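Asks: Take this structure, written in structure tokens, and hold onto it; I'll ask about it next.
Values quoted throughout were computed directly from the atomic coordinates according to the rules given, and no laboratory measurement underlies them. In this text, all values refer to a predicted model and were calculated from it rather than measured experimentally.
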Amino acid sequence: MEPALFIVFGAIAVGGAIMVVTRRHPMASALYLILTLFAVAGLFVLRQAHFLAAIQVIVYAGAVVVLFVFVIMLINVPEDKLPVERVTGMRFLGVVVAGLLILESALIVRRSGMAGTPAADSGSVEAVGRALFTDYLLAFELTSVLLLAAVIGAIALAKKKI
Amino acid sequence: MSGLFDLAVAVARIAIMLIFCLTFVVVLTWAERKGAAYMQDRRGPNRAKILGLTLGGIFHPLADAIKFLFKEDFIPDHVHRLFYQMAPMFALAPALMTIAVIPFGPPVTIAGKTIPLQIADLNVGILYVFAMSGLTVYGVILAGWASNSKYPLLGGLRSSAQMISYEVSLGLSIIGVVMVFRSVKLSQIVASQGELLWGIVPQWGVVVQPLGFILFLVALYAEANRTPFDLPEGESEIVAGFHTEYGSFKFSMFMMAEYFHLVVGSLLVATLFFGGWQFPYLASSGFVLPGGFSIGLPGAVVLLLRIGALFAKVVFFAWLFIWVRWTIPRFRYDQVMRLGWKVMLPLSLLNIFATGIALLLVA
């Protein structure tokens with residue numbers, strides 16, 4: 001069951017990602033991005049990372065892409081005025097880098113082999129919470145300071161007078 | 001054989017929950033019109049009849065459904081066709097998916113197997129509800145944008161900004177509940193609410209988290225786009241907001257999604273703050289009153305009383321939605337935003353802080 005589901009979710013994720021970069025209309029790209037994020041959440045669930053899967057949907061599909069869509073809606077370029085992107089050197093570079101990434105992950109899998117099935121509750125809310133507030137406390141606190149800085153920066157940039 | 005039994009149980013649980021919620025949605029549309037009529041001193045729908053029976057107009061939802069089904073499925077010329085057709089689905093599907101984690105009764109034992117009366121008892125529990133309800137905003141945004149005209153766009157903009165703002169308070173307001181009951185699993189939260197506080201008061205969420213309850217209720221009304229927060233479809237300003245350009249069954253899907261949110265919202269308030277299926281002082285053997293009295297009851301009666309308790313709570317909160325809608329006028333948009341960011345957000349942070357200190361003092 002699990003390998004079959006992995007193939008299904010993996011195919012949806014990769015297919016969706018290809019559609020994101022090839023669609024001409026930005027709204028279509030955004031919707032395909034949601035599909036990809038959902039499929040990746042499904043992959044997380046297959047690896048027992050339930051908490052991560054829920055957070056993935058809440059943060060990325062439920063908030064980040066909403067903002068993308070919000071911007072697309074506000075700018076609202078008519079369909080016949082969408083710019084045609086020309087194929088440039090950067091695109092070829094992108095293909096090369098993507099190829100290198102695939103090669104790299106293949107090498108890692110070859111060297112260390114496939115990971116076994118993780119324990120059933122290794123990705124539960126309790127397990128992740130305990131790890132975050134004990135072993136990774138410093139990283140957690142530093143990240144919150146970084147996010148706070150981002151929030152203050154956003155307010156300072158958006159408002160001239162507070 | 002055992003695999004077949006499990007499958008039958010899974011299908012039965014999904015069917016029970018879906019049929020209950022969808023039927024409730026249908027009855028709610030009637031209750032809304034009838035409730036509005038009585039509050040405005042008129043009679044409301046009372047003409048549709050079957051075999052000479054009107055039964056207070058209860059057949060009107062049926063007549064509405066038939067009308068929606070047989071109207072021409074008209075698509076205006078100026079819309080983005082694909083996105084326009086997807087929007088109602090985006091509105092309805094996440095709403096339907098949220099009910100999966102809500103327990104509608106205590107675990108029952110059939111043929112030596114313990115079956116939780118809940119479609120899926122996920123470890124992430126309440127987070128799953130937020131993940132799904134966070135997606136409902138796409139239906140509104142897509143409808144507003146794909147309609148490609150001014151009023152729907154304004155409605156979509158208002159709605160998405162409002163939903164994102166209140167989602168923050170909605171999430172933060174239940175952290176207190178999670179802290180007190182020490183779990184995000186809804187089955188665990190409901191089970192904890194069966195205990196008694198100081199041996200007298202049922203330990204319901206509303207007792208231990210009164211501020212959290214008020215914040216959650218207000219944020220829920222804003223998330224469900226209900227009065228006094230129904231700005232996305234403020235008919236006196238922007239016609240019908242994001243669904244101005246929709247007709248026939250697509251419009252009906254938006255309405256179904258809206259009423260489905262009411263049902264899910266009522267279920268969530270009952271589950272998180274009013275003990276879910278817990279009946280006060282009812283243990284699995286019968287009533288156990290604080291004075292030492294106890295009345296024994298057979299298991300089937302206890303089960304029925306518990307499911308009935310949840311049903312009664314849901315009916316009450318669904319009625320409260322209608323009651324508020326026809327009592328309180330709509331806010332202005334800047335008032336909604338100010339309330340969300342300058343009142344709700346600080347108060348919900350304060351609630352988390354106070355709950356933390358209280359838990360420290362108790363422990």
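Asks: Using only Cα atoms, locate the centre of region A:40-70 and the centre of region B:251-326, then give the distance between them in Å, rounded to an integer.
Replies: Measuring centre to centre over Cα atoms gives 31 Å.
Asks: Name the residues whose placed amide hydrogens come within less than 5 Å of the amide hydrogen of B:Leu297, ignoring near sequence neighbours (fewer than 5 apart) on the same chain.
Replies: B:Gly286, B:Phe287
Asks: Next question, about the same structure. Using alpha carbon centroids, what distance separates region A:83-156 and region B:204-221, in Å?
Replies: Result: 36 Å between the Cα centres.
Asks: Straight-line reach from B:Lys150: which lysines have a Cα under 30 Å away, not including same-chain ones fewer than 8 places off?
Replies: Within reach: A:Lys81, A:Lys159, A:Lys160, B:Lys67, B:Lys71, B:Lys250, B:Lys342.
Asks: Gaussian network model of chain B, Cα springs within a sub-10 Å range: biggest mean-square fluctuation belongs to which of B:Ser248, B:Ser266, B:Ser169?
Replies: Comparing B:Ser248, B:Ser266, B:Ser169 in a Gaussian network model of chain B, the most mobile one is B:Ser248.
Asks: Averaged over all directions, how much area does the convex hull of the C-alpha atoms of chain B cover when projected, in nm²? Before the final figure, lay out each step's value.
Replies: Values: hull surface 88.8 nm².
Its Cα hull, projected and averaged over all orientations, spans 22.2 nm².
Asks: Could you please tell me the mean projected area of the C-alpha convex hull for the protein assembly as shown, averaged over all directions and given in square nanometres to one decimal? If you can, show how the numbers build up before the last one.
Replies: Details: hull surface 129.3 nm².
Mean orientational projected area (the protein assembly as shown, Cα hull): 32.3 nm².
Asks: Using θ = phi - 60° and the Karplus form 6.51 cos²θ - 1.76 cosθ + 1.60, what ³J(HN,Hα) does each residue of region B:237-243 get, whole Hz, x for Gly and Pro?
Replies: Couplings: 10, 10, 6, 10, x, 5, 9 Hz.
Asks: Can you give me the span-like helices of chain A, meaning DSSP H runs with 27 Å or more of Cα extent along the axis and Kyte-Doolittle mean at or above -0.5? Kindly include the intermediate steps, with their values, before the conclusion.
Replies: Values: long enough: A:2-22 (30 Å, 1.99); A:26-46 (30 Å, 2.17); A:89-112 (35 Å, 1.39); A:137-158 (32 Å, 2.37).
Helices meeting the criterion: A:2-22, A:26-46, A:89-112, A:137-158.
Asks: Also: Where does chain B land at 222 nm, in deg cm²/dmol rounded to the nearest 500, when only DSSP H runs of n ≥ 4 count, each adding -39500 (n - 2.57), divided by all residues?
Replies: That comes out to -20000 deg cm²/dmol.
Asks: Separate question: Long-range amide H contacts for B:Ile115: which residues qualify at under 5 Å (H placed 1.01 Å from N, peptide plane, sequence gap of 5 or more or a different chain)?
Replies: B:Val108, B:Thr109, B:Ile110
Asks: Taking amide H atoms as placed 1.01 Å from N in the peptide plane, list the residues 5 or more away in sequence, or in a different chain, whose amide H sits under 5 Å from that of B:Leu196.
Replies: Distant-sequence amide H within range of B:Leu196: B:Gln203.
Asks: Under a straight-distance cross-link criterion of Cα-Cα below 15 Å, which aspartates and glutamates are reachable from B:Lys185, leaving out those fewer than 8 residues away in the same chain?
Replies: A:Asp121, A:Glu126, B:Asp121
Asks: For region B:67-185, just the Cα atoms, rotate onto the principal axes and tell me the three extents in Å, largest first.
Replies: 60, 36, 22
Asks: Sticking with this structure for a sec: Please list, in order along region A:49-64, the HN-Hα scalar couplings obtained from phi with the Karplus expression 6.51 cos²θ - 1.76 cosθ + 1.60 (θ = phi - 60°), rounded to whole Hz, x for Gly and Pro.
Replies: For region A:49-64, the Karplus-derived couplings read 8, 5, 4, 4, 4, 5, 5, 4, 5, 5, 7, 7, 5, x, 10, 5 Hz, x marking Gly and Pro.
Asks: For region B:282-331, what is the relative contact order in percent, using Cα pairs closer than 8 Å and at least 6 residues apart in sequence?
Replies: Working: 21 pairs, mean separation 11.4, N = 50.
Rounded, it is 23 percent for region B:282-331.
Asks: Which of the DSSP-defined H helices in chain B satisfy a minimum axial length of 30 Å, computed from C-alpha atoms, and a minimum mean Kyte-Doolittle hydropathy of -1.0?
Replies: Numbers: long enough: B:2-39 (53 Å, 1.47); B:150-173 (35 Å, 0.27); B:248-273 (38 Å, 1.37); B:299-325 (40 Å, 1.92).
Span-like helices, by this rule, are B:2-39, B:150-173, B:248-273, B:299-325.
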